[in-house]
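Remarks on the structure that follows.
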Amino acid sequence: MTTQPNYLIALALGLVALASLLIAGLLIVRIAAERRSDRTLMQALDDRALQNAVATAARGTDGAQGRQDTSAPASGMKGMFERFAHTGVRWLDTPVGRHIVAEEDRRLLEQCGFVDARTRGLFLIARIAGAIVLPLLVGMIASGHIEGPRYVMLVIAAMACGVMMPKVVLSRRAAARRRGVVDELPMLVDLLRLLQGVGLSLDQSLQVMVNDFRGILPVLSSELEIAQRQFAAGRTREQSLNRLASSYENEDLQAMVRMLIQVDRHGGAVQEPLKQFGDRLRETRRAMLRERIGRMTVKMTGVMILTLLPALMIVTAGPGVLSVSHALKAMNR
């Protein structure tokens, strides 16, 4: 009789555990569906913005009949790249695709200005192609010269290099763009303060910087163009600018983006805050330049010792050494 209450308690605990597992499973499925819908929406917005940009560029191109023959190979290459891009996009959400194009790689792509799913697909295809093509080439070249375990190690090393080569190129471009953001940010703040001072709205100021100051701000103007395209495609101003703030991990850029979002949301005069922000950026830049000059002075000391000191010793001590040598020769005679 005492075993029946224990059996009922165990059964009740089992049912509670089963219900908890069912609830947890439903929550996980719901969260996964929400994330999938968010990714689908972002991809659709990116595709729409890209199609708008392509349509705008196509309307501005010359459709002369004499160029049709020369453009046929280009269109074939473009079609091949499009097929590769669509194949890569289909593989992005697979476990292999998420492993090849990880979050770090997606952040590097955003820092390079590639924000749509098409470029992510091309990057995935590039890494797979590098992992296949480079070992084949290395294996064909080294087949008659290296054999045994060294040949296998060489092919494995070539495969690793083929996988990492696109990421290395992407990292170098991203690092150059990060340095460009640091260099261009004070000029961007000054131009924005000037345009706001003459009475332009925020949208007009950003559009003027995108259209007219691309030579002065090559990195930030392209980023603002992407933000403007996303804003025109349906995203809010905060969503389009937050991508710029989060991609480069620059505190000054994040502060400026927060200021722009506040101005777009609440309005108000921003000339004085932008002036103070620009002054602070210039002071930070001066301190950074002083630090670089200090490091350069230390590095140049070793260079001067290796290059200038021997020439200085020859010029200053050379005549004395020659005179002593001549005197010794005369005494020996």
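The values are calculated or read from the model by the stated rules, or taken from the named source; none is laboratory data. As the structure is a prediction and not an experimental result, all values here were calculated from the model. Note that we place each Cβ from the backbone using ideal geometry, even for glycine, and neighbour counts take in every protein chain shown.
Remarks
- Matching entry among 189, 152, 181 (being in a helix (DSSP H, G or I), aliphatic (A, V, I, L, M) and at pLDDT below 85): 152
- Identity of the residue in the range 74-113, farther than 26 Å from residue 225 by Cβ and not in a helix (DSSP H, G or I), that ends up modelled with the lowest pLDDT: 93
- Number of the condition not met by residue 223 [criteria: (1) among the charged types (D, E, K, R); (2) outside any loop (DSSP other than H, G, I, E, B); (3) free of Cβ contacts under 8 Å to residues at least 60 places away in the same chain]: (3)
- Selection from the range 238-287 of residues that are closer than 16 Å to residue 187 by Cβ and either among the charged types (D, E, K, R) or not in a helix (DSSP H, G or I) (or both): 250, 252, 275, 279, 280, 282, 283, 285, 286
- Selection of the range 114-127 for residues being over 13 Å from the mean Cα position of the chain (by Cα) and modelled with pLDDT of 85 or more yields 121, 122, 124, 125, 126, 127.
- Annotation note: Cβ proximity below 9 Å between a residue of the range 275-298 that is surrounded by 10 or more Cβ atoms within 10 Å (Cβ to Cβ) and a residue that is β-branched (Val, Ile, Thr) and in a helix (DSSP H, G or I) (sequence gap 6+ or interchain) occurs for 275/189; 277/189; 278/189; 281/189; 285/182; 288/182.
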